[in-house]
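The values are calculated or read from the model by the stated rules, or taken from the named source; none is laboratory data. None of the values given here were measured: they were computed from a predicted structure. All Cβ positions, glycine included, derive from the backbone under ideal geometry; neighbour counts span all protein chains shown.
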Amino acid sequence: MADARLPDEVRALVQSHVPSMVHLDALLWLSGSPDASPTADAVAAAIGVEPEAAARALRELAASGLAAGEEDGGETRFRFAPRGESLRHAAGTLAEMYRRFPVQVIRAVYERPPSPVQQLADAFRLRS
């Protein structure tokens, strides 16, 4: 159920770019440190998740246009780099809403409907 306190742009951002709490935490951490270019390991340590989970989320955030990954001596460093002003504004609004209404933002992430690709994969999952 959509929460009226969350602007439409925040709900749309969550629906299209933030499939998990790891994605949310990584995005908020990067957006709060716009001059930083950390590795996935550094982001993982900062948000308290496994490095593989942080790396996956950061790659997906980069693919969706919210972050950028750059090779640096064999490591990929990530930075907050929204593609376009509307994404930058939506990410800023998401951060503000998370500060003001964390439960509602978390609920929006968890209530996000599965993607059509995930629904198709689930249809073919073998059940025992």
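Brief remarks follow.
- In the condition set (1) modelled with pLDDT of 95 or more; (2) in contact with a helix residue (DSSP H, G or I) (Cβ under 9 Å, 6 or more places away or on another chain); (3) of a type outside the set (S, T, N, Q), residue 85 is compliant with all but (2).
- Comparison of 44, 63, 57 shows that the only residue that is more than 25 Å from residue 101 (Cα to Cα) and at pLDDT 95 or above is 63.
Let's see how each residue does on (1) buried (at least 18 other Cβ atoms within 10 Å of the Cβ); (2) within 14 Å of residue 105 (Cα to Cα); (3) at pLDDT 95 or above:
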residue: 1; (1), (2), (3): no, yes, no
residue: 6; (1), (2), (3): yes, yes, no
residue: 15; (1), (2), (3): no, yes, no
residue: 18; (1), (2), (3): yes, yes, yes
residue: 23; (1), (2), (3): yes, yes, yes
residue: 27; (1), (2), (3): yes, yes, yes
residue: 34; (1), (2), (3): no, no, no
residue: 38; (1), (2), (3): yes, no, no
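- The residues on offer are 14, 49, 43, 22, and the sole one that is closer than 18 Å to residue 84 by Cα and either touching a residue at least 24 places away in the same chain (Cβ under 8 Å) or within 12 Å of the chain's Cα centre (by Cα) (or both) is 14.
- Output for the stretch 43-79, where each listed residue is hydrophobic (A, V, I, L, M, F, W, C) and either exposed (fewer than 15 other Cβ atoms within 10 Å of the Cβ) or within 20 Å of residue 15 (Cβ to Cβ) (or both): 45, 57, 58, 61, 62, 63, 66, 67
- Restricting the first member to the stretch 69-90 and to residues that are under 17 Å from residue 32 (Cα atoms), and the second to residues that are surrounded by 12 or more Cβ atoms within 10 Å (Cβ to Cβ) and hydroxyl-bearing (Ser, Thr, Tyr), the beta-carbon pairs closer than 8 Å and six or more apart or on different chains are 69/76; 77/37; 77/39; 78/37; 78/39; 79/37; 80/31; 80/33.
- A count restricted to the stretch 64-102 and to residues that are within 16 Å of residue 54 (Cβ to Cβ) and part of a helix (DSSP H, G or I) stands at 0.
- The numbered conditions (1) farther than 27 Å from residue 7 by Cα; (2) out of contact with any Leu (no Cβ under 6 Å at 6 or more places or on another chain); (3) at pLDDT 95 or above are all true for residue 70 except (3).
- Residue count for the stretch 1-55, restricted to those that are closer than 16 Å to residue 88 by Cβ and charged (D, E, K, R): 2
- Residues within the stretch 103-125 that are outside any helix (DSSP H, G or I) and either at pLDDT 65 or above or surrounded by 10 or more Cβ atoms within 10 Å (Cβ to Cβ) (or both), tallied: 6
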